[in-house]
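Here is the structure we will look at, set down as C-alpha cells.
The values are calculated or read from the model by the stated rules, or taken from the named source; none is laboratory data. Here the structure is a predicted model, which means the values were calculated and not measured. Neighbour counts are summed over all protein chains in view; Cβ atoms, including those assigned to glycine, are modelled from backbone coordinates with ideal geometry. Side chains included, ligands, DNA and RNA excluded: accessible areas come from the protein's heavy atoms. Shrake-Rupley method; radii C 1.70, N 1.55, O 1.52, S 1.80 Å.
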Amino acid sequence: MGEEAAGAVPEVLTLLAASRFSELRAACEDLELSPPFSTEAADAPAPAPSPEQAEHSALLCAVHLLAYLLDGDLDLARFLWKRTPAAVQSQAQAATAHRVLVAYWSRQYQELFAHLAAGPWDPRLQGLAAEVTSRVRVELLARIAKAYKVVSVAAVSAMLGLDLVAAKAACEERGWVVDADGNATPVALTSSEDLMQMGEEQLQQLAEYMAHLEQPASRI
C-alpha cells in the first residue's frame, strides 16, 4: 500500500470509531483515489484480492455507501457500487450495504429499515447504520409533512419501521397534533431546514406509497 493510502485507511476507521460520520464521505472519496485503490492510471488489470483484502475492502465499501446514504446521495452510491469489483461486492458487509441502497432507491422503506436494523453489520458499522436510520426517518417525516395535511400514525409507523408508540412520539416531537383516532396533523418545517427537496413527482410517489400502507392488511 502506498504511503498516501496507508494513512487514509486508518483515517476512515478512526473517523468511524469516533462517530465523526459527517467527515466520512470526504475521507472515503480521498481513499478511493489513492493508490492502490485507484484504477484510473493502472497499466494492467489489478490482481484479484486475497480473501482478507476483499473483506477489508468490503468494509470500506460499506462505509462509503452508507456515508453517501447519510447525505441522501443515492446516485453517487449507485455509481460507487457499479465500479466496485465483484470480489468485493460478494463480501457480507458490502452486500448488506447494497441491500440498504436498493431498498432506499426503490422506496421500499419497510425493507430499508429492516436491513439497517438486522444487518448483519460489523460492530464498527453499527453506529453508522444507526445514524443512517435516524437521518432517513427525519427526511421521511419532512416529506410526509409536505405531502399530507392529515396522516394516520399507523401509516407513519409502517413507513418508518417503528411501533405505534414510537411513531406517535416521533410525530409529537415535531409538534404534530395526534387526535384520539390516531391521526396526526403534520407541520412542515421551514425551507431553511437542511433536508432533501422534493418535486411534484416525488410527492405523488410518496402519496401513493402511503395510500398503499393504509390499505387493509389482507391486501396482497
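So the values come out like this:
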{"quantity": "Spatial separation of Cα centroids for segment 53-95 and segment 123-151, in angstrom", "calculated": "21"}
{"quantity": "At R0 = 30 Å, FRET efficiency that the Cβ-Cβ distance of T185 and Q126 yields, to 0.05", "calculated": "0.30"}
{"quantity": "Exposure ranking of S134, S157 by accessible area [1.4 Å probe, largest first]", "calculated": "S134, S157"}
{"quantity": "Solvent-accessible area per residue, Å², over segment 95-198 with all protein chains present [probe radius 1.4 Å]", "calculated": "50"}
{"quantity": "Cβ-based net charge around R124, under 15 Å, with every Lys or Arg adding one and every Asp or Glu removing one", "calculated": "-3"}
{"quantity": "Theoretical FRET efficiency, 1/(1+(r/R0)^6), r = Cβ-Cβ of S50 and T14, R0 35 Å, to 0.05", "calculated": "0.90"}
{"quantity": "Trypsin sites (Lys or Arg not before Pro) within segment 66-129, DSSP loop, no more than 13 other Cβ atoms inside 10 Å", "calculated": "R83"}
{"quantity": "Summed residue charge, Cβ within 14 Å of V102's Cβ, Lys/Arg positive, Asp/Glu negative", "calculated": "+2"}
{"quantity": "R0 of 35 Å, Cβ-Cβ distance D163-E23: FRET efficiency to nearest 0.05", "calculated": "0.60"}
